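The values are calculated or read from the model by the stated rules, or taken from the named source; none is laboratory data. Bear in mind that the values here come from a model prediction, so they are computed numbers and not experimental data. Cβ atoms come from the backbone with ideal geometry, glycine included; neighbour counts cover every protein chain shown. Side chains are part of the model used for accessible areas, which takes the heavy atoms of the whole protein and leaves out ligands, DNA and RNA. Shrake-Rupley method; radii C 1.70, N 1.55, O 1.52, S 1.80 Å.
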Amino acid sequence: MNHTVDTIIIGAGASGLFCAFNLASFGKSVLVLDHANKAGKKILMSGGGRCNFINRQVEPRHFISQNPHFVKSALSKYGSDDFIDLVNRHGIAYHEREHGQLFCDDSAKDILDMLLKQCQDFGVGIHLHTVIDSIRATDDNGFALQTTHKKDGTATTYHCQHLVVATGGLSIPTLGASGFGYQVASQFGHSIVPTEAALVPFTFTDATGDLIKSQAGLSLDVTASNDKISFTLPLLFTHRGLSGPAMLQLSNYWHLGESITINLAPQTDIAALLLTAKKSHPKQLIRTALAGVLPKKLLTALENHLWQAHKETELANLKDDTLRQIATLLNAWTLKPSGTEGYRVAEVTRGGVDTRDVSGKTMESRLKPNLYFIGEVLDVTGWLGGYNFAWAWASGYACAESI
Ligand code: FDA
């Protein structure tokens, strides 16, 4: 079988579907190919099933890329207000949570249904179960894609003038993630910024790992930092390690072998508190003085781990310097993660197609005319909070507008 369309988009995820109907609304014939059995699987899983579809405030500083300027043009052309207008036009109920995050009231399915309806209304074809066996550049500056249908084995050759790669990152392979987009990029001479799991919980070994596991289920507000950035957000202890928004955000900026620092009581100067308590209640133990500051179970675990030798010593018998050192362990608990939980659970992939060879205005390859990259396949990673969808929409729009 043979098919010819103006534009083929590989990947029926957030950026692919969004780009597809915008492009079709500008009058182009568009076909979306995906190897999965369903479009937009990650959208359905997102935001705990409620899809944090955008953030009220989206700025270039919310993105990580080797070229931090790359996102600027696309974000300025299509911002949060534009997507919120679209959601309003479709009558989707939503609410705002802390830090400007917008979530569906009912279900992430509302967002996927909206994208699919837009695609249907503008006549976008979506072919699922489609494995792309090879891509060839044609003499007319277009592309020929050789495919096989997963279910019935039908071989089809698709021809297009413009090819958009919207295959996403590597996170959660069970949702259809693959490295195919990087493969296509490499085929046409693009380099790939090394990829790593991001927005992902940290894992720990040794005694620290045991301490963390013993607190599974506990959540508290902390300031988590490294030498690049700092986030004051909730931390969650789990059976596998440290999770929660503070850790996920920090993971975007973390590399294997680096330490992280956690201020377990960002509202309290623990050194000042202990030194004052030493004067006012000299017979107190450290854990008693800190009783109102940290949860009891955590304090017990920490004293066994961090100041066991002094745990039964009254404050009056501890040197000021010792108290200051213990305070530092709590206001700046320094840990070395053994790793992360990896792509199995990561929300995103850091790294990807190097943006130096892609136009930030049009998303077109600078190496191969009529080839485009949008969404997470690019070396653009957003913070937690609706920023990764913001990038999917903005890059998809910039691409659609330019074809
Ligand atoms: P996306 O992953 O959406 O789509 C890629 C598509 O390409 C998929 O349909 C896949 O099947 C297809 N594909 C891959 N390889 C292929 C191949 N070889 N052949 C054909 N098709 C292929 N972000 C956010 O802003 N707010 C949120 O609430 C969340 N929540 C969230 C939860 C979870 C559990 C995850 C895993 C991720 C999030 N994210 C998020 C991140 C967000 O989902 C992600 O950044 C976007 O979906 C990226 O959109 P893309 O279109 O680039 O890829």
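Per residue, the accessible area of segment 341-388 comes to 30 Å², computed with a 1.4 Å probe over protein heavy atoms only.
Site pair ALA309 and ASP269 shows an inter-label distance of 2.8 nm when each label is modelled 7 Å from Cα along Cα→Cβ. According to the Kirkwood relation over distinct C-alpha pairs, the hydrodynamic radius of the chain is 23.0 Å. Full extension of the chain segment joining ALA144 with SER29 gains 39.8 nm, where the gain is 0.36 nm per residue of separation less the Cα-Cα distance.
Axis angle, to the nearest 10 degrees, between helix 387-402 and the longest C-alpha principal axis of the chain: 20 degrees. Placing +1 on the Cβ of every Lys and Arg and -1 on the Cβ of every Asp and Glu, with nothing else charged, gives the chain a dipole about its Cα centre of roughly 740 debye. Expressed to the nearest 5 percent, the antiparallel share of DSSP beta bridges inside segment 1-138 is 50 percent.
With protein chains left intact and a 1.4 Å probe, residues in segment 104-223 average 43 Å² of accessible area per residue. In the chain, the calculated helix contribution to ellipticity at 222 nm averages -9000 deg cm²/dmol per residue, counting -39,500 (n - 2.57) for every DSSP H run with n ≥ 4. Direction-averaged projected area, Cα convex hull, segment 346-387: 3.2 nm², rounded to one decimal. Please find the FRET efficiency linking ASN37 to LYS297, where r is the Cβ-Cβ separation and R0 is fixed at 41 Å, and quote it to the nearest 0.05. That gives a FRET efficiency of 0.35.
Applying D = kT/(6 pi eta Rh) to segment 193-302, where Rh is the Kirkwood radius over alpha-carbon pairs, T corresponds to 25 °C and eta to 0.890 mPa s, the Stokes-Einstein value obtained is 161 µm²/s.
Across segment 102-108, rounded Karplus estimates of 3J(HN,Hα) from the backbone phi angles (6.51 cos²θ - 1.76 cosθ + 1.60, θ = phi - 60°) give 9, 10, 5, 5, 9, 7, 4 Hz, Gly and Pro being marked x. Of all chymotrypsin sites (Phe, Trp or Tyr not before Pro) in segment 344-403, which ones are in loop regions per DSSP and have a Cβ with at most 13 other Cβ atoms within 10 Å? Answer by residue number: there is no such site. Note on ARG344 and SER280: their simple-model spin labels are 4.8 nm apart, each label 7 Å out from Cα toward Cβ. Mean-square fluctuations from a GNM of the chain, with a 10 angstrom spring cutoff on Cα atoms, peak among GLU98, GLU376, GLU314 at GLU98. Solvent-accessible area assigned to carbon and sulfur over the chain amounts to 50 percent, based on a 1.4 Å probe. With the convex hull of the Cα atoms taken as the outline of segment 212-267, the averaged projected area works out to 3.7 nm².
Where both bridge residues fall in the chain, DSSP classifies roughly 70% of the beta bridges as antiparallel.
What does the charge dipole of segment 98-175 about its Cα centre add up to, to the nearest 20 debye, if the Cβ of each Lys and Arg holds +1 and the Cβ of each Asp and Glu holds -1?
On the way: 5 positive and 10 negative charges, 70 e Å.
Value, rounded to 20: 340 debye.
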